[in-house]
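Everything on this sheet refers to the single structure shown next.
The values are calculated or read from the model by the stated rules, or taken from the named source; none is laboratory data. In this text, all values refer to a predicted model and were calculated from it rather than measured experimentally. Cβ placement follows ideal geometry from the backbone for every residue including glycine, while neighbour counts extend to all protein chains displayed.
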Amino acid sequence: MTTDPDAWRSWTPQAQQAALEKLKSRTTEEWRPFYCPIADCNGKPHGEWTWNHARADQHPPKDNEWLTWLLMSGRGSGKTRTGSEYTHRMSQVTGRMAIVGATGPDARDTMIEGESGLVTIAPPGLRPNYEPSKRRLTWPNGCIATVFSAEEPDRLRGPEHGYAWVDEPAHFALIQECWDNLMFGLRIGKRPRVVCTSTPKPRPWVKELVKETTTRVAKASTYDNLDNLAPAFAQRILAKYQGTRLGRQELYGEILEDVEGALWTWEMIEPDRVPIAPPMQRIVVAVDPAGGAKKSNDETGIIVVGVLDGHLYVLADRSGRFSPYGWAMAVDAAYEEFQADAVVAETNYGGEMVTSNLKSAGVTKRVIPVVSRRGKAIRAEPIVGIYEQHKVHHVGTFAELEEELTTWQPYEDKDSPNRLDALVHGATNLVGKSMAATIAMPSQLRKRTDDLALARARRHLEVRR
C-alpha cells in the first residue's frame with residue numbers, strides 16, 4: 001500500500017479533469033468531495049464545486065518533511081472534519097492507524113460516529129466497518145485503525161502504526177505519556193504522519209510541539225467556518241466567548257500565556273479536569289452576593305463544590321446578574337440539583353442579608369455564614385496551594401470562572417472576582433481545619449521572620465535579666 005495522496009498534483013490536466021468527473025458521478029446528497037484542486041482555496045463554492053469544501057488551512061502541508069500536522073483552531077472551525085477527511089486519505093496509504101480520543105466515548109461520539117466522524121463522512125465505497133467491542137475500524141482495502149483512550153496511555157505501548165489522528169490532545173491529562181508511547185509505535189512506512197486537532201491550551205506539551213521543526217501548524221477561527229455551523233451553535237458560542245480573553249483561545253485558537261501576577265495558572269487546572277464527578281462525601285453551594293453599585297460588582301458568584309477523600313471537585317458555576325430574589329432561586333435550584341449539604345455565603349455585605357433574603361424567597365436551606373476579615377488574596381492562597389497539589393478537579397469547563405482564576409491580579413485589579421470568591425469560600429469550608437496552614441506572600445514571610453527575630457531578642461533579654 002504505497003499510494004501517494006498528493007499524486008494528483010503530477011497528473012496531466014486531462015487526467016485531473018477525468019478524476020473530477022468521476023468524483024462528480026459519485027457525489028450524492030449525503031456525500032460530496034472535500035478537497036478541491038486549489039490548495040489555497042477559501043472553501044466557498046466556485047466553478048463546478050458548488051458546495052462549501054476545504055479551506056486552505058484544511059489542506060495538508062505542501063512539503064513532505066513533516067511528522068505532525070497540528071490544527072490549532074477555535075471551536076467549530078472544522079478541525080474534526082479535517083481530521084476525518086485526511087484519515088480517510090491515509091487509509092489508502094498505510095495498513096495500520098491509531099485513533100486517539102480523550103476517552104473511549106469521546107472517540108466514538110466525535111471522531112467515528114459524530115457529524116464529521118469517519119463513518120459519517122466516508123466516501124462511497126470507502127466506509128469503514130466499525131467494531132466497538134474490538135475498538136477497531138476496518139476499511140474495504142484492509143486498512144485497520146485501532147481506537148485508543150488517552151485515559152489509558154499504556155495501551156499505546158507496543159502497537160505499531162503508520163498514521164495517527166489525535167483529537168483534542170491539549171486537553172489530555174496524561175498527554176505526555178500518551179504522546180511518548182504513540183511516538184514509539186509510529187514506525188510503519190517511510191513517512192509516518194500524525195494529525196492533531198485541538199483547541200489549544202497554554203501547556204508545556206503544546207508549546208514544545210509547536211517548536212518542533214517537523215511540526216506544521218494550521219490555524220483557523222470559529223468565524224472562518226460560520227457558513228457550516230448551525231446558527232444556534234454559532235450564536236451560543238460567540239455569545240459566551242466573544243470579546244473575552246478566553247475567546248482568543250476558544251474562538252481564534254491562540255495559545256494564552258499565563259498572566260503575570262495571577263494566582264492561578266492553566267497548568268493548575270487543565271491536567272486535573274474530569275468529565276464526570278464521582279459520588280461526593282459533602283457538597284456545598286457557595287455564594288458571593290453582589291455588593292456595591294458598580295457594574296463590575298453586580299454579579300453574584302454561585303459555585304457548587306464537593307469533596308471526596310481530600311480532593312475538591314468544582315461541580316457547577318451558576319453565577320450571574322440577578323435580583324435578590326433571582327439569586328436566591330438560583331441557589332435553591334443548585335442546592336436541590338446537587339443534593340447539597342449547606343449554603344456557604346459571604347455576609348460582608350449586609351450582615352444577615354443572605355440568610356434573610358433566602359428565607360424571604362421561601363428558601364429554608366442550611367446557611368453557613370462566612371465573614372471575610374482578610375484580603376481576597378490571603379483567603380485564596382490556601383486554595384491555590386491545593387490546586388498546585390493537583391487535588392482540585394473541574395468537572396467540565398467553566399469558561400467565566402477559569403478566566404477569573406487565571407487573569408485576576410490581586411494587587412492590581414480593583415474589580416471584585418465574584419466567582420473566584422465564591423469558589424474560595426466553598427472550598428475553604430469543605431477542607432475545614434486542614435486549611436489552617438496558608439501559603440504566604442514574600443512580604444508576609446519577611447514580616448513573620450522579623451516578628452520571630454524580635455520575639456527571640458525579647459526572650460533573650462528577659463533571660464539575661
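In segment 52-78, the residues that are more than 21 Å from E208 (Cα to Cα) form Cβ pairs under 8 Å with partners that are surrounded by 16 or more Cβ atoms within 10 Å (Cβ to Cβ) and of a type in the set (V, I, T), at six or more places apart or across chains, as follows: A54/T82; Q58/T82; R75/T199; R75/T222; R75/I237; G76/T222; G76/I237; S77/T222. When E208, E177, E257 are checked against the criterion of being at pLDDT below 80 and under 21 Å from the mean Cα position of the chain (by Cα), a single residue qualifies: E257.
Report, ordered by the first and then the second residue, all pairs with beta carbons closer than 6 Å, sequence separation of six or more or different chains, a first member in segment 176-196 that is touching a residue at least 40 places away in the same chain (Cβ under 8 Å), and a second member that is among the small types (G, A, S). Matching pairs, first to second residue: C178/A150; L182/A164; I188/G162; G189/G162; P192/G162; V194/A164; V195/G83. Which residue is farthest from A422 (Cα to Cα), if the candidates are limited to segment 297-321 and must be not in a loop (DSSP other than H, G, I, E, B) and not hydrophobic (A, V, I, L, M, F, W, C)? Only one residue tops the list, namely H311. Only residues that are within 19 Å of A150 (Cα to Cα) and either at pLDDT below 90 or assigned to a strand (DSSP E or B) (or both) were counted in segment 274-293, giving 2. Only residues that are within 20 Å of V206 (Cβ to Cβ) and in contact with a strand residue (DSSP E or B) (Cβ under 9 Å, 6 or more places away or on another chain) were counted in segment 59-85, giving 15. Taking segment 332-445 as the region of interest, the helices (runs of 4 or more DSSP H) fully inside it that hold 2 or more residues being modelled with pLDDT of 90 or more, polar (S, T, N, Q) and more than 14 Å from P289 (Cβ to Cβ) are 418-431. Taken over segment 229-252, the criterion of being of a type outside the set (D, E) and in contact with a helix residue (DSSP H, G or I) (Cβ under 8 Å, 6 or more places away or on another chain) is satisfied by L229, A234, I237, L238, K240, Y241, T244, R245, L246, G247, L251, Y252. Would you check if there is a residue in segment 119-134 being on the phi > 0 side of the Ramachandran plot, surrounded by fewer than 18 Cβ atoms within 10 Å (Cβ to Cβ) and either within 21 Å of the chain's Cα centre (by Cα) or not small (G, A, S) (or both)? No, there is no match, as no residue in segment 119-134 is on the phi > 0 side of the Ramachandran plot, surrounded by fewer than 18 Cβ atoms within 10 Å (Cβ to Cβ) and either within 21 Å of the chain's Cα centre (by Cα) or not small (G, A, S) (or both). Scanning segment 157-168 for residues that are modelled with pLDDT of 95 or more and closer than 22 Å to P204 by Cβ yields A164, V166, D167. Counted as qualifying within segment 163-270 are the helices (runs of 4 or more DSSP H) with 1 or more residues that are polar (S, T, N, Q) and either assigned by TED's automatic domain parsing to the domain that holds Q409 or buried (at least 18 other Cβ atoms within 10 Å of the Cβ) (or both), namely 175-185, 245-250. Taken together, the residues in segment 104-118 that are in contact with a strand residue (DSSP E or B) (Cβ under 8 Å, 6 or more places away or on another chain) and surrounded by 16 or more Cβ atoms within 10 Å (Cβ to Cβ) amount to 8.
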